[in-house]
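Quick notes on the structure that follows.
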Amino acid sequence: MLKGIAASQGYGIGKAVIINDISTDYSNVKYTDAQSEKARLQKAVDDFIEETRSLASSLKESAGEKEAEILEGHIVMLSDPFMLSQMEESIDAGSVAEKAVDTVCNMFIDMFSSVDDELTNQRASDVKDIRDTLLKSLLGIKSIDISAVDAGSVLVAKDFTPSMTGKINKNNVAAIITEVGGVTSHSAILARAMGIPAVLSVVNATQSIKDGMEIIADGFKGKVITNPSDNEKSKYTSLQEEYLKEKESLKAYIGKETVTGNGIKKQVYANIGKPEDVQNVLQSSGEGIGLFRTEFLFMDRASEPNEEEQFEAYSTVARAMNNKEVIIRTLDIGGDKDIPYLHIEKEENPFLGHRAIRYCLDNPALFKKQIRAILRAAVFGNIKIMLPLVTCLEEVRDAKKLIAECEKELEAENKKYNTVPLGVMIETPSAVLISDLLAQEVEFFSIGTNDLTGYTMAVDRGNAKVSKLYDTFQPSVLKAIEITIRNAKKAGIQVGMCGEAAADSRLIPRLIEWGLDEFSVTPGSILQTRKTICEYKA
Ligand code: PEP
Ligand code: MG
């Protein structure tokens, strides 16, 4: 049996699919002669063009013209005789085909990255994609298509990047197992959002588990059983049935008002990452969206979504929620959320670096596109804007200036928009300490305990070695929460919580006592959270 961190509840029983980090090391490939190397290169290029062409045509149907154009651009680039002849020259000089591809592509990547122009920089990412695909093809490496695994697959990987998680088809994935990450890592958050059991931080999982092995993943206890006995299989099958039955019984809370046992009205909202998640929220009668993590709209694609695409996403959510509150968090990137095409510089301490509101304020063109899309979408529902990772008043004031600029621009362009209430996430000790002042500047707070716990305890939220210290129940974190709620109440503004702790049945009674108004949880936890609140008695 292997041990890890229980990160998403449920029992997953199925067959392992190992998703390895793919190494494209070609140091062992031997040079034969120029003619054969060139033939290998030509075959890889031909295969690339053929596959990319068919991918582009299926993408045109599933995702639209624009996404397909990016892939067609790859074909054009690789068909450029200059690029190919450079590779052939490198082969003539004694390089194996892999080295020729690597060297020539890297030369283009350096060239495109050094230009201070977004579109040209984008071409560097395109060449990176071409390089990696060609290298894999030359080395005969087949990468697994996560979106196409068989039903009952238990996915095992070192880690899942948010874009990998985005490809998961929840109907086919029985469980997720990783070697790194904790309860609040993004793989965990997404696994919970999709209702997939997950066990994270299992040491050497990709080595000790073999492809095709029978697996039981216990998302409650953080256990992984490999090659289970018949006894174990029947034990976990009945545990799974029981769990599903319990989940079924929570359905009694669908459509029920969230009122504590002593008559105080509360709100159970949901955290979402994509417009599609709203379906799950409505199914559990979530009373609003307390956190729309908009960074997911920016992930798993080759360039940033334009204003229209964002407007489409935000207004779809606003409409679907039918005038219920929708709190849209502005782009929260950096830290563990990398978006390659934004070219965020590598930093020594990314969690303390150029991320979230800091990045957005320094990139006003990108930020304003998002703000404009939100203001325009606000015509279709009850939208609020929320700023992530705020640490000082200036950030809020600067954001307000940009919002005012956007309103003026929209006015001048005769475009329909609505002004929207502004709030901040309280997820740094600094924000807690000035929460009395922040409360004078904004109309609501939402406590982000995932980051607040990490920053207060000075612990990396994804590092298994220090996970013991990552504990929202530490007195310092509880005090930070209490102070924030107190200052919000004093100023008479709404205060919610959108960190994972909002769904913790051990913490909910305290949050009620302190006066928290709104609990924003993953869609799968709405009913359990409502039940815990309804059962609370002073
Ligand atoms: C948080 O930090 O609590 C939060 C909700 O934001 P995220 O998990 O997206 O960083
Ligand atoms: Mg956060």
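Residues in segment 263-286 that are touching a Lys or Arg at 6+ places or on another chain (Cβ under 6 Å) and more than 16 Å from ligand 2 (Cβ to nearest atom): Val268 alone. For Leu438, the criteria (1) free of Cβ contacts under 8 Å to residues at least 60 places away in the same chain; (2) hydrophobic (A, V, I, L, M, F, W, C); (3) not in a helix (DSSP H, G or I) hold in every case but one, which is (3). I'd like to check something: does segment 382-390 contain any residue that is within 25 Å of the chain's Cα centre (by Cα), within 16 Å of ligand 1 (Cβ to nearest atom), of a type outside the set (Ser, Thr, Tyr) and at positive phi? Checked segment 382-390: at least one residue is within 25 Å of the chain's Cα centre (by Cα), within 16 Å of ligand 1 (Cβ to nearest atom), of a type outside the set (Ser, Thr, Tyr) and at positive phi. Exactly one residue out of Lys408, Lys369 is surrounded by fewer than 17 Cβ atoms within 10 Å (Cβ to Cβ) and either charged (D, E, K, R) or outside any helix (DSSP H, G or I) (or both), and it is Lys408. The residues of segment 407-437 that are touching a Leu at 6+ places or on another chain (Cβ under 8 Å), away from ligand 1 (no atom under 16 Å from the Cβ) and of a type in the set (A, V, I, L, M, F, W, C), listed by number, are Leu410, Val420, Leu422, Ile434, Leu437.
Do you know which of the residues in segment 423-456 that are over 16 Å from Val183 (Cα atoms) and of a type in the set (Phe, Trp, Tyr) is farthest from ligand 2 (Cβ to nearest atom)? Filtering segment 423-456 for residues that are over 16 Å from Val183 (Cα atoms) and of a type in the set (Phe, Trp, Tyr), the one farthest from ligand 2 (Cβ to nearest atom) comes out as Phe444.
Quick one: in segment 517-538, which of the residues that are outside any strand (DSSP E or B) and β-branched (Val, Ile, Thr) is modelled with the lowest pLDDT? In this case the residue turns out to be Thr522. When we screen Gly290, Gly255 for residues that are away from ligand 1 (no atom under 16 Å from the Cβ) and either under 22 Å from the mean Cα position of the chain (by Cα) or not in a helix (DSSP H, G or I) (or both), the only hit is Gly255. Of all the numbered requirements in (1) surrounded by fewer than 23 Cβ atoms within 10 Å (Cβ to Cβ); (2) closer than 23 Å to Ile328 by Cα, Val466 misses one, and that requirement is (2).
Just to verify a result, which residue in segment 295-309, among those that are within 16 Å of ligand 2 (Cβ to nearest atom) and assigned to a helix (DSSP H, G or I), is farthest from the chain's Cα centre (by Cα)? For segment 295-309, the residue satisfying everything is Phe298.
Residues of segment 258-273 that are more than 28 Å from the chain's Cα centre (by Cα) and among the charged types (D, E, K, R): Lys265 alone.
Scanning segment 274-300 for residues that are farther than 27 Å from Asp517 by Cβ and surrounded by fewer than 18 Cβ atoms within 10 Å (Cβ to Cβ) turns up Glu276, Asp300.
The values are calculated or read from the model by the stated rules, or taken from the named source; none is laboratory data. Because the structure is predicted, anything quoted here is derived from the model rather than measured. All Cβ positions, even for glycine, are placed from backbone atoms using ideal geometry, and neighbour counts span all protein chains on display.
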